[in-house]
Structure formats: C-alpha cells, structure tokens
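This report refers to the structure that appears directly beneath it.
The values are calculated or read from the model by the stated rules, or taken from the named source; none is laboratory data. It should be emphasised that the depicted structure is a prediction, and the values quoted were computed from it without experimental measurement. Glycine gets a Cβ as well: all are built from the backbone with ideal geometry, and neighbour counts include every protein chain shown. With ligands, DNA and RNA removed, areas are computed over all heavy atoms of the protein, side chains included. Shrake-Rupley method; radii C 1.70, N 1.55, O 1.52, S 1.80 Å.
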Amino acid sequence: MTRKIEILDTTLRDGEQSPGCSMNTQEKVIVARELIRMGVDAIEAGFPISSPGDYRAVSEIGALAGDKVVVCAFSRAVEKDIDCAAEALKTAARPRIITGIGVSPTHMNEKLHMSEDEVVACASKAVAHAKSLVDDVEFYAEDAGRADPAFLVRVIQAVVDAGATVVNVPDTTGYCLPDEYGALIKMVSDEVKGIENVKLAVHAHNDLGMATALALAGVRNGATQVECTINGLGERAGNTALEEIVMAIRMHGDELGVHTDVVTPELTRASRLVSRITGMSVQANKAIVGANAFTHSSGIHQDGVLKARATYEIIDPSEVGATGSDIILSARSGRAALRHRLQELGYTFEDSDFEEIYERFLEIADQKKEVYDEDLESIVQERQRDIESIYTLNALQIQCGDPLVPTAVATITDEDGKKVVVSATGTGPVDAAYKAIDMVVGIESDLQEFAVKAITRGIDAIGEVTVRITAPDGRVYNGRGSDNDIIVSSAKAYINAINRMIQASRARA
Ligand code: MN
C-alpha cells in the first residue's frame, strides 16, 4: 500500500482571503458539504477571532462535519486568538487549532520586532496553550520558505516538544524553487526529533506559478499533508490548487508511492460551486477544471483523439467528473425525480422549502424544456442568496431599443418589508436598472466588472451575471444573479453585491 497524503482544504480560510471572495456562513456551509463529499481529510473553516461571521462558520461546519473530517480553526500565536478558536470548535467532533508565527528574518524584524529566542518562546507557548484546549494542534512556521533553515529546524523542534501534532512548513510568499523547497522539507524531516510522530504539512502559494510543483516537491521529500484550495483560490496569485495536486498524485501515485482519498469525480462540481459562490471565474485553460481542459480543436489532435483518446489526453474526463450528467429533467419530471436528482447533487430540503424549489424548477422547465444539473444548482443557489438578502428585487420592467431612451421601472423590497417603486433612465438597459437600484439603496458603489455567462447550452439557457463592485471604503464585493432574462440577472447580481456589502459591514461592526 502506498503512503497516504492527507488533504487539508483551506478554500474557506486562505481562499476566502482573496479580494472579493468573501462568503457568508451559509455559502461556507455549502462548500464544506461538498468538501466532505469529496473526501478531504481536513477543512480549515475560518479564523474565528477575525469576525463573528468566521466564528459562526467554524462552529456550524464543526457541527455538520461529525467525525467524517477534521475541522480546523486558524489563529495567530496569541492567547485570545487560540481561546476564541477553541470556543468556536466546541461543536466539532475532531477539532484542530492551527496556530503559528513568522519565522523568516523579514517577518521577525519588520513585522514582529522579535528576536529568534522570543519567536521560539512564543511559538512553544502558543502550542502548549492550544494543546491544553484540544488534542490536535497544528503549528505553521509562517514564511518558512524564506527562513534560515537552521532556525526553522529549531522552532519546529520546540513546537514538536510542546505537543504539536501537525507541523506546517509553508512557502507563504510563493518564493521558493521546487527543489529548494523539497530540500527544506527533507531537512525538517531528517533533523527534527520526533517528527515521525507528527504530520508534516506543505502549504504553497502560486506567485511564480509553481504552487502545485512546490507541494509535490514536499510530498516527494516526506510531507504527509498538503494544504490547498479549490481552483487555487487564495491570497495574491493563490494557493496550490486541490484539483491539480490530487490529480498529479493520482497520475503518478505509483512512482511517488503515495495516494490521497479524494473522490476525484467530485472535482469539477466542486470547482463550479466555488466559482459560482465566490464569483471568481476559472480561466478556460486552467488545468483539470478549465472549460478547455478536455477540448481538442486542431485537426491533428482531433484525429488523434478520435483514433485513441490517449494520444492527446492523459486523464479520462469522467475521472474528474467533467463529462456532465446524462440525466436531463423536464416539466414532466415531477417532484420525486427532482428531489432524487437534488439529493444526488448533495442538496436536501424540508418539504416547504422543496416546494418553492419545485415551483421555480417548473418555471425554468416551462421556459427552456430541458433542465440540466447546472440549472438546478443555479436555482438552489439563487434561492440561498435570497434567504439572507436585505434588498429583494420584486419586479423589473425595461424599455429599450433604438431610438428609445432606456428606462427601468423597478420594485424593490427592503428588509423591513417596505416596497418601493422607482424609475430611472440610463445609457442602456443595465445602466437604467442599476441607477434605479441606486436610488433605493442610497450607497455609492463603483461597478468594476460585469460578466454574463450562459449556464447551459442553447439560446434559452439561464444567463448568469457576475458583478464586482467597490464600496466607499475600498473593499471589493462580488454579486451573482441568474434568470432567463439577462437584464433581470444583471439587476439581481447588482442587488446581491449590495446585500453582501451591507452584510459584511454589519458583520464587522
Ligand atoms: Mn497561505
């Protein structure tokens, strides 16, 4: 049997730190469910002391995870952070506190203003404190990639002696070359006494486009845990992409002598889900999950693939769930079929909630005849967006064309149930709709990006709009909306972004 590599997913912590990628608690719970289905070993669910929203997410995910997966909470090497993490993790059957401190000269001199001795003392004190609250404690040596290797070994020895169960040696800034990073992992694994009794983790960033190569170099040199995110989401250029490292291990497992327990046919769905929830689209040529990952367009390649798939394709698309489902629902499918399909997609509902989903399904099915999984996911997520909304779009009427003046009449309800009807003109129908919405909301925000995408095939497909706005304080928010009418999708997306902006500012208060 090959050596098992544990997968710690940090989409909900490191991934969420990407600009505009903040998720609310409900959305984090949806992602966590998918991660559990996918069979990851650990979920880093948030940074509890950073906000009430993060605290709630850790606590709710702890409750739903049961004993299936380790649930981790992030903290700095500060007592109040660690206490708060432990408190949030009370619901978890398998809680892990993650704590750590910077160990590179840059971090110690410029950020922490601490000497090497002080850092070692602080690190082991933090681990010992966390250890008094939970059994499973992970220590991260922040910016290990740029640390003095001898000092790194010293810090890690101290935290292992203090009872750490997992030691993470991250290349926080994505600076290392893969063989250098591999050598660093080997050094820790050779020189730290007792390291064989703890898990050794790698955590890499993609600043030089090598996050997956770095993680793999770590695995080759003794790492037993890889920290990664769906779609490689994360600070700056992002983290190691879960789908890439998992498939690299799968394709080369025999020669590497390792395996993971990830259920790879879930990869495509997880990617789509995270992309839709965060509003961060996946580039078409992205490895494993990009829209073109299994598309062949040149004649020579098409000819080859038709003769034998292996000529130009190393992965069978069905291995990563990229083939889509053969099951297509229609208006005649009925409740049982819809409920069954939703269950297979991982969604279960109370009867009253299900009825609402069914009604929306019928509307869509009437309009477009064939309803695909992607449409169902859109219906469910659209509804989940509505639940926490502050402003809701009740009706939108647009007049546009040539030579008309584009005019929007919108009916919007606020959270107190007050209904307002407004009208505005604009340079185009979307502009008119947005101006009408602005009149109700009364907050100045800047529209940065606007993108429309058809969720499924055909001219009658649901159109999904993603917008990105900048709040007056400079923070960025994404919003999404879907409908058969793209102007309605656009208005819903804008209201969704505004709702997120307001929710986030309340969560911080
Ligand atoms: Mn990171």
Problem - Single condition ARG13 does not satisfy, out of (1) open to solvent by 10 Å² or more (accessible area, probe 1.4 Å); (2) outside any loop (DSSP other than H, G, I, E, B); (3) closer than 19 Å to ASP136 by Cα - result: (2)
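Test of understanding: among ASP402, ASP373, which residue is exposed (fewer than 14 other Cβ atoms within 10 Å of the Cβ) and not small (Gly, Ala, Ser)? Let's see the steps before the verdict.
On the way: ASP373 fails: exposed (fewer than 14 other Cβ atoms within 10 Å of the Cβ).
From the options ASP402, ASP373, the qualifying one is ASP402.
So in the range 164-183, with the set limited to residues that are open to solvent by less than 20 Å² (accessible area, probe 1.4 Å) and away from the ligand (no atom under 16 Å from the Cβ), which one is nearest to ALA128 (Cα to Cα)?
Restricting attention to the range 164-183, the residues satisfying the condition of being open to solvent by less than 20 Å² (accessible area, probe 1.4 Å) are 164, 166-171, 174, 176, 181-182.
Those left that are additionally away from the ligand (no atom under 16 Å from the Cβ): 164, 182.
Details: ALA164: 8, GLY182: 28 Å.
In this case the residue turns out to be ALA164.
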Problem - Leading residue by the ranking (farthest from the ligand (Cβ to nearest atom)) among those in the range 217-231 that are open to solvent by 10 Å² or more (accessible area, probe 1.4 Å) and of a type in the set (Gly, Ala, Ser) - result: GLY222
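Residue under question is ARG236, and the condition is that it be away from the ligand (no atom under 14 Å from the Cβ) and within 20 Å of LEU8 (Cβ to Cβ); does it hold? Spell out how you get there, then give the answer.
Working: away from the ligand (no atom under 14 Å from the Cβ): no; within 20 Å of LEU8 (Cβ to Cβ): yes.
Answer is no for this residue.
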Fill in the blank from the handout: Looking across the range 246-259 at residues that are within 23 Å of ALA310 (Cβ to Cβ) and in contact with a helix residue (DSSP H, G or I) (Cβ under 8 Å, 6 or more places away or on another chain), the single one that is most open to solvent (accessible area, probe 1.4 Å) is ARG250
Problem - Failed item, numbered, when TYR391 is tested on (1) open to solvent by 70 Å² or more (accessible area, probe 1.4 Å); (2) more than 20 Å from ARG33 (Cβ to Cβ); (3) of a type outside the set (A, V, I, L, M, F, W, C) - result: (1)
Completion exercise
Filter the range 442-488 for residues that are of a type in the set (S, T, N, Q) and farther than 18 Å from MET280 by Cβ; the one that is surrounded by the most Cβ atoms within 10 Å (Cβ to Cβ) is SER445
Completion exercise
Among the residues of the range 329-358, the number that are more than 20 Å from THR456 (Cβ to Cβ), open to solvent by 90 Å² or more (accessible area, probe 1.4 Å) and either charged (D, E, K, R) or in contact (Cβ under 8 Å) with a residue 12 or more places away in the chain (or both) is 4
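Taking the range 97-110, which residues are surrounded by fewer than 24 Cβ atoms within 10 Å (Cβ to Cβ) and either outside any helix (DSSP H, G or I) or touching a helix residue (DSSP H, G or I) at 6+ places or on another chain (Cβ under 7 Å) (or both)? Explain how you work it out, then say what you get.
Applying the first criterion (surrounded by fewer than 24 Cβ atoms within 10 Å (Cβ to Cβ)) to the range 97-110 yields 104-110.
The answer is SER104, THR106, MET108.
Scanning for something modelled with pLDDT under 80 and outside the structural domain of ILE455 (by TED's automatic domain parsing), does the range 349-363 turn up at least one residue? Give the derivation first.
At the first step, the residues of the range 349-363 found to be modelled with pLDDT under 80 are none.
The answer is no; no qualifying residue exists.
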Exercise for the section: Looking at (1) under 27 Å from the mean Cα position of the chain (by Cα); (2) over 22 Å from GLU244 (Cα atoms); (3) modelled with pLDDT under 85; (4) hydrophobic (A, V, I, L, M, F, W, C), find the lone condition where ILE328 falls short. Expected result: (1)
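Can you tell me which residues in the range 287-318 are over 32 Å from the mean Cα position of the chain (by Cα), among the hydrophobic types (A, V, I, L, M, F, W, C) and open to solvent by 50 Å² or more (accessible area, probe 1.4 Å)?
Step one: list which residues in the range 287-318 are over 32 Å from the mean Cα position of the chain (by Cα), which gives 298-308, 311.
With the extra rule that they be among the hydrophobic types (A, V, I, L, M, F, W, C), the set shrinks to 300, 305-306, 308.
Matches in the range 287-318: ILE300, LEU306.
So is VAL71 assigned to a helix (DSSP H, G or I), free of Cβ contacts under 8 Å to residues at least 60 places away in the same chain and among the β-branched types (Val, Ile, Thr) or not? Lay out the reasoning, then the answer.
Details: assigned to a helix (DSSP H, G or I): no; free of Cβ contacts under 8 Å to residues at least 60 places away in the same chain: yes; among the β-branched types (Val, Ile, Thr): yes.
So VAL71 fails the test.
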Problem - Output for the range 260-286, where each listed residue is surrounded by fewer than 19 Cβ atoms within 10 Å (Cβ to Cβ) and touching a residue at least 60 places away in the same chain (Cβ under 8 Å) - result: ASP261, VAL263, SER281
Handout entry: Test: THR99 is among the hydroxyl-bearing types (Ser, Thr, Tyr) and over 20 Å from ALA507 (Cβ atoms)
Key = yes
Handout entry: the range 123-152, residues that are open to solvent by 20 Å² or more (accessible area, probe 1.4 Å), part of a helix (DSSP H, G or I) and either free of Cβ contacts under 8 Å to residues at least 40 places away in the same chain or away from the ligand (no atom under 15 Å from the Cβ) (or both)
Key = SER124, LYS125, ALA128, HIS129, LYS131, PRO149, ALA150
Fill in the blank from the handout: When every residue in the range 3-53 that is of a type in the set (S, T, N, Q) and modelled with pLDDT of 95 or more is compared, the one farthest from the ligand (Cβ to nearest atom) is THR11
